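Just below is one structure, and these are the notes that go with it.
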Amino acid sequence: MLKVIESAVPVACWSCAVAHNEATLFCPHCSKIQPPSGGDFFSVFGLKPCLNLDLTGLEHEFHRLSRKLHPDRFARAGENEKQWSLADTALLNDAYRTLKDPIHRTEYLLKLHGAEIGEEHSRKDRRDPSRVPADLLEEVFDLNMQLEEMRAAKKMGEDDPALQASLEQAKAKFEGLLDEVDDSLRAQWSKWDAGDAGARAAAQKEMVALLDRRRYLNNLVRDVTETLGA
Amino acid sequence: MAYSDKVVDHYNNPRNVGTLDKSSQEVGTGLVGAPECGDVMRLQIKVNPDTQVIEEAKFKTFGCGSAIASSSLATEWIKGRTVEDALAIKNTDIVKELSLPPVKIHCSVLAEDAIRAAISDWKKKNGVAEAAAAETAAQ
């Protein structure tokens, strides 16, 4: 479980002893490598948590830091620095992988702010009917029935062109809905990035609901694709 | 994580899988889903109009083993009970019976929700006062 964001505590550089309160991989004062900080993935790139990210800039920074952290550069450094170059590289890789993907980035930021996403909130025995995408249930159920029929037909070596066509249609439809969810998510990104605490809280709630809907749709598209392709 | 023997048994031999006639006056249908894992569960009951006893219960669940076992067990339990008695079933009873681990508790919640949804649909169809049911559901 991620910890909720706290304001950064100043850390003194192990080498030059100058305190810095940025969770950086290198000391801003003497440029020496630092042990992995307890900061979040955004701070690894010197960023404040945000959802609209400049991906080209992020990639650029990732490559720059990767080169700087490369273990070869620490071949003659002290044992601590050698270890840190490995640990920082692992942190950098995790951070980049998470932030470059729009969905992972959104989930990560929401978790940082204390939201419970996916399986995590299901651990609590609570029900909140507003979370269930009710308009989808009927369709999801029917689609699952068709998928089951399709799998059975395939197993028997039978062809069912009508069912096949219907499933392909359903797939296109759910892919369309997935695009709509992604558009809505992007709209919430901007609200979150620009908003004050109140606006952010509202955007967070919206995004958690959208991610639930997205997970649902994504599983459906995956199942249909698998069944059609099998 | 290993499933308990009871879950495996219900999963391999699910009881009361099937469909009841949705349009029948005596049938109530509950369709619920868990966005967390994408499970969908349909539970249907056929209620005797004179005695209010649930004479038939059928389910169809798309989801994990625990979700299937929870709904299978739910149909077993509500059969033969009156509607009001069936509402007394709590998800914690299902958790206990099936020894569900904490990560699968939501499956039992889903099964309880499905029972409530089916009964509420039946009540709506038959003009039974919804106030009391809505109150319980809101808790």
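The values are calculated or read from the model by the stated rules, or taken from the named source; none is laboratory data. Every value quoted in this text rests on a predicted model; they were computed, and no experiment measured them. No Cβ is skipped: glycine too gets one built from the backbone with ideal geometry, and neighbour counts run over all protein chains shown.
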Boolean, A:Ala203 is more than 18 Å from A:Val221 (Cα to Cα), buried (at least 16 other Cβ atoms within 10 Å of the Cβ) and free of Cβ contacts under 8 Å to residues at least 40 places away in the same chain: yes
Output the number of residues of the stretch A:171-230 satisfying the condition of being away from every other protein chain (no Cβ under 14 Å) and hydroxyl-bearing (Ser, Thr, Tyr). 3
Taking the stretch B:21-45, which residues are surrounded by fewer than 21 Cβ atoms within 10 Å (Cβ to Cβ), more than 12 Å from chain A (Cβ to nearest Cβ) and within 18 Å of the chain's Cα centre (by Cα)? B:Asp21, B:Glu26, B:Val27
Applying the selection to the stretch A:140-150, what residues are out of contact with any strand residue (DSSP E or B) (no Cβ under 7 Å at 6 or more places or on another chain) and either without any contact (Cβ under 8 Å) to a residue 60 or more places away in the chain or over 16 Å from B:Gly63 (Cα atoms) (or both)? A:Asp142, A:Met145, A:Gln146, A:Glu148, A:Glu149, A:Met150
Subset of the stretch A:72-97 (residues that are closer than 30 Å to A:Val208 by Cα and either assigned by TED's automatic domain parsing to the domain that holds A:Ser184 or surrounded by fewer than 18 Cβ atoms within 10 Å (Cβ to Cβ) (or both)): A:Ala90, A:Asn93, A:Asp94, A:Arg97
Determine, yes or no, whether B:Ile105 is crowded, with 17+ Cβ neighbours inside 10 Å, in contact with a Ser or Thr (Cβ under 7 Å, 6 or more places away or on another chain) and β-branched (Val, Ile, Thr). no
The one condition in (1) buried (at least 16 other Cβ atoms within 10 Å of the Cβ); (2) away from chain B (no Cβ under 12 Å); (3) without any contact (Cβ under 8 Å) to a residue 12 or more places away in the chain that A:Leu137 fails to fulfil: (2)
Could you please let me know if B:Thr75 is closer than 25 Å to B:Ser23 by Cβ and surrounded by fewer than 21 Cβ atoms within 10 Å (Cβ to Cβ)? no
Search the stretch B:72-129 for residues being out of contact with any helix residue (DSSP H, G or I) (no Cβ under 8 Å at 6 or more places or on another chain) and on the phi > 0 side of the Ramachandran plot, and hand back the single one that is farthest from the other protein chains (Cβ to nearest Cβ). B:Gly80
Total residues in the stretch B:108-121, condition hydroxyl-bearing (Ser, Thr, Tyr) and either surrounded by fewer than 24 Cβ atoms within 10 Å (Cβ to Cβ) or touching a Gly at 6+ places or on another chain (Cβ under 8 Å) (or both): 1
Identify, by number, the condition in (1) in contact with a helix residue (DSSP H, G or I) (Cβ under 8 Å, 6 or more places away or on another chain); (2) more than 30 Å from A:Gly195 (Cβ to Cβ); (3) in a loop (DSSP other than H, G, I, E, B) that A:Cys30 doesn't meet. (1)
Can you tell which of A:Ala162, A:Ala199, A:Ala153 is modelled with pLDDT of 90 or more and in a helix (DSSP H, G or I)? A:Ala199
